[in-house]
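Here's the structure, in structure tokens; my notes come after.
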Amino acid sequence: QVQLVESGGGLVQAGGSLRLSCAASGRTATYGMGWFRQAPGKEQEFVAIISRSGVSTVYADSVKGRFTISRDNAKNTLYLQMNSLKAEDTAVYSCAATRAGWSSVPVEYDYWGQGTQVTVSS
């Protein structure tokens, strides 16, 4: 069983930066991990995923070049560095872990955090 807890969300002006963290209670080195977000009235969408080793990453086109996903397996922690934030990045951001090792599809994820709110003012 893995429990995930996000932190680092908040209110920021457009153009600013935030760093989200996702701390796991269990060992997550054998799981692929990802960040997803859901804005009010919209479906949940994939933001970024990272392989078990951290070597491989994939980003949604909407965040490519602005966001960076990374992980520290020794600390069982996942990160999302968000730069050049835009109003359309406003959403609840959730981290997730998948035994599948590599997926951008939410239903393939086995464990989820409770989410952290990111609000970008324009």
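The values are calculated or read from the model by the stated rules, or taken from the named source; none is laboratory data. None of the values given here were measured: they were computed from a predicted structure. Cβ: placed from backbone, ideal geometry, glycine included. Neighbour counts: every protein chain shown. Just so you know, the surface numbers come from the protein's heavy atoms only, side chains and all, with ligands and any DNA or RNA stripped out. Shrake-Rupley method; radii C 1.70, N 1.55, O 1.52, S 1.80 Å.
A few points about this structure:
- For the range 67-117, the set of residues classified as open to solvent by 60 Å² or more (accessible area, probe 1.4 Å) and β-branched (Val, Ile, Thr) consists of Thr68, Val105, Val107, listed by residue number.
- Boolean, Val12 is assigned to a strand (DSSP E or B), more than 19 Å from Gln114 (Cβ to Cβ), hydrophobic (A, V, I, L, M, F, W, C) and modelled with pLDDT of 95 or more: yes
- Of residues in the range 54-66 being surrounded by 13 or more Cβ atoms within 10 Å (Cβ to Cβ) and not β-branched (Val, Ile, Thr), the one nearest to Gly26 (Cα to Cα): Gly54
- Whichever residue in the range 23-41 is assigned to a loop (DSSP other than H, G, I, E, B) and within 11 Å of Val92 (Cα to Cα) and, among such residues, is most open to solvent (accessible area, probe 1.4 Å): Pro40
- Residue within the range 62-71 that is touching an Asp or Glu at 6+ places or on another chain (Cβ under 8 Å) and modelled with pLDDT of 95 or more present: yes
- Asn76 being at positive phi and touching a Ser or Thr at 6+ places or on another chain (Cβ under 6 Å): yes
- Search result, residues across the range 58-111 that are in contact (Cβ under 8 Å) with a residue 60 or more places away in the chain, within 14 Å of Glu45 (Cα to Cα) and assigned to a helix (DSSP H, G or I): Pro106
- Residue within the range 42-53 that is in contact with a helix residue (DSSP H, G or I) (Cβ under 8 Å, 6 or more places away or on another chain), open to solvent by less than 20 Å² (accessible area, probe 1.4 Å) and of a type in the set (A, V, I, L, M, F, W, C) present: no
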